[in-house]
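First the structure, in the form of structure tokens, and then the observations on it.
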Amino acid sequence: MRKISIYSILVLSLLNAKEIDIDGILGDIEKKTDLSSKTKLENSGVSTVYTRDDITRMQARTLKDILKSTYPLGYTENRFALPDPNYMGTNHPFVSSNMRIYIDDQEITTGLYGSGIVLYGNMDLSPIDHIEVYSGNPTYEFSTEPTFVLVKLYSKNGEKDAGSKISAQVGNVKDSLLSAYNAGEINKKWSYFTSISQNNDVREKYTSHNTELSRDQKVAHMFGSFYDGNNKIIIDASTQKKDSFVDQSIDATPLDANMQNDFLHIGYNGKYDNLSYLISYDTLNTRTDFKDDTNSSLSINSLQTDSNSFAISSELKYNYATDKNKFITGLKYRYKGFKYNQFLKNNQEVPPSGNTNQTITTAFVENQYSLKENSILTTGVSLSSVQNNHSVQNDDLLMYRLGHTYTTTNFVFKSIFSHIESTLDPYLVNSYGMQITDGKKDITQQNMFLEDIIYQKDNNKYDFILSLVKTKNQLLPDDANRLLDNYEKTIEMKSGLFMWTHEYSKFDKLYITAGYNQIDNMPQASITKQYQSTIRNLNTYKEFDFFNEILYFKDSIRKENFYDYSAGVIYHKTDDFSVSLKATNILNKAQTTIYSRTNPTTLLAEEPLKISPIDRRIMLTIEYLF
């Protein structure tokens, strides 16, 4: 009955269309909420946009530089030194699958772990023009699978960026990043953009019981796109060789820990009249090698794996617009295949689980209906069927959202309610005897209530956000055996965020935020309070661009004050040649992540490691455009 009711609202609002110009209203909303991006999703909840000018003057070389100060993400790395913003302190490979990453409307995904954030959360940004981040179940148009945070990257293109560019960056810890691109037109119809980069990411070293822990990695990345106005082809490939930090070591003293990820994405999307379509293929080969010298029968002393996974995604969407409505509906299908060529645990071969594929079939409908000239009602519903070929873990997911946007001359008021349901990623289904989870799990359900008030006048923009998120059946380690299980309590997160953007001249911008989060009913703490703030200043003087940013964080658990201060300057010798200098975590006080340690003999908890994912470093960059 609830499915029929939601669909009825959408259909009735479509049939009542008259003469109010919804395109004009949406244009006004977009203009008030963001003046810099034509690609911004209309009326889609809380958004943060980084223009090319922002990225350039911030000297954001990798996506980590953006995510670390973006609501509601932040940047965290798990025990394998992989990007994992939702990391909970466990030894699971990845828990942030509800954060999706797209390049030019094509999702970067993986067959085993879901979200491409696990690979591209720290990707080189040399091919990227601008970035948009949306939170709170923003849209079903770009979500084959459940999505709470949507990161949309838009690449540079041959029309705007015709020519070539080379960039060389060196750092004080012998790190380096080399990149180059070439763009132009193949003929009068097609344009192209291609880029390559080599990132020798040397990280700060830490010790645990006299064992050195390394997070160094080398990443080779190639990106290419071809576009004719209605059709786009993307080829994206990367090879990542990395030291995997703490890995599976329970006392954080691995003898050896490394992994290699080889990834390829090939995608095509296009549109014809009111139809848009997409097909893409993502494949990932991962090889890991872990060795430890613990003698406990409960610990993993060695682990060698070699896995192949892939995802084939397809979708067909139909758009229909009248004076009062913008209506979109679509069907999506994703097939995930995966297998282990090798799985040796403590030198013993682990037999296959039998589960080798997962399918996701999704149907969605969304409508934006103008109640008045300055008032829009947004409704949407998504139904998904998730099927595993050798498991009882098959689920039907229902998601829906209801929103209202009201505008005046200077104000925008957004009210949003959304419901998200999610199930297990493939690596958690019949999880190879790795003691991750066991048996069928209930669907995780998340309800969000959000109010966003924006006031904009002259060169000032004020944004105030209040939200309440309630999560049922969250997968958390239980107290008995540390396996992931549905948590019996409802976790509540109450948040308030204030953002002020002040453009005090054509090229100068001040950005200030202050936020508060309260998380109730977590296993280790009944109430956790978090305080955070950002101050960022971008300004230009003659041939120089200056950047200053400080991130503040404090919570009720550690009760420490964390300050991540970064600063940079760019000297533009000419329009085609620049030299830049940037320092990150200058005070060496950036927010740390807690990594637990357990004595392998007594099995008693030891003092945890507290290590920041943001290194203290200085980088010099030279760029030449020709």
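Couple of notes before you dig in:
- Taking the square roots of five times each eigenvalue of the Cα gyration tensor of the stretch 448-590, the equivalent ellipsoid has semi-axes of 39, 21, 13 Å, listed largest first.
- Sparse-neighbourhood loop sites, GluC sites (Glu not before Pro) in the stretch 548-622 - DSSP loop, at most 12 other Cβ within 10 angstrom: Glu560
- The dipole here belongs to the chain: it is taken about the Cα centre, uses +1 on the Cβ of Lys and Arg and -1 on the Cβ of Asp and Glu, and is about 500 debye.
- Comparing Phe413, Gln446, Asn295 along the charge dipole axis of the chain, the residue lying farthest to the positive side is Phe413, per the Cβ-charge model.
- Farthest positive-ward along the chain dipole, Cα basis, beta-carbon charges - from Asn459, Leu264, Asn231: Asn459
- Selected from Ile376, Leu398, Thr361, residue furthest toward positive end of dipole (the stretch 358-421; charges at beta carbon): Ile376
- Residue-by-residue Karplus 3J(HN,Hα) for the stretch 448-457, coefficients 6.51, -1.76, 1.60, Hz, glycine and proline x: 10, 10, 9, 10, 10, 10, 10, 10, 9, 8
- Multiplying each eigenvalue of the alpha-carbon gyration tensor of the stretch 272-394 by 5 and taking the square root yields semi-axes of 46, 16, 13 Å, largest first, rounded to whole angstroms.
- Each Cα pair under 8 Å and six or more residues apart adds its sequence gap; the mean of these over the residue count of the stretch 232-362 is a relative contact order of 19 percent.
- Its alpha carbons considered, the stretch 149-303 gives a radius of gyration followed by a Dmax of 21.0, 67 Å.
- Option label - semi-axes √(5λ) of the Cα gyration tensor in Å computed here, alternatives (1) 57, 26, 22; (2) 36, 31, 26; (3) 48, 36, 24: (2)
- Projected label points at Arg287 and Asp576, each 7 Å from Cα along the beta carbon direction, are separated by 4.3 nanometres.
- Filtered trypsin sites (Lys or Arg not before Pro), the stretch 530-615: DSSP coil and at most 16 other beta carbons within 10 Å: Lys542, Arg558, Lys559, Lys573
- FRET efficiency for Ser526 and Asn548, using Cβ-Cβ distance with R0 set to 30 Å, rounded to 0.05: 0.20
- Fully extended contour minus Cα-Cα distance, from Ser415 to Ser505, at 0.36 nm per residue: 29.2 nm
- Those trypsin sites (Lys or Arg not before Pro) in the stretch 116-198 that DSSP places in a loop and that have at most 16 other beta carbons within 10 Å: Lys160, Lys174, Lys188, Lys189
- Relative contact order %, the chain, counting alpha carbon pairs below 8 Å whose residues are six or more apart: 10
- Our Cα-only numbers for the stretch 539-626 put the radius of gyration and Dmax at 19.5, 64 Å.
Just so you know, all these numbers are worked out from the coordinates, no wet-lab data involved. Here the structure is a predicted model, which is why all the values come from computation and not from measurement. Every residue, glycine among them, receives a Cβ derived from its backbone with ideal geometry; neighbour counts consider all protein chains shown.
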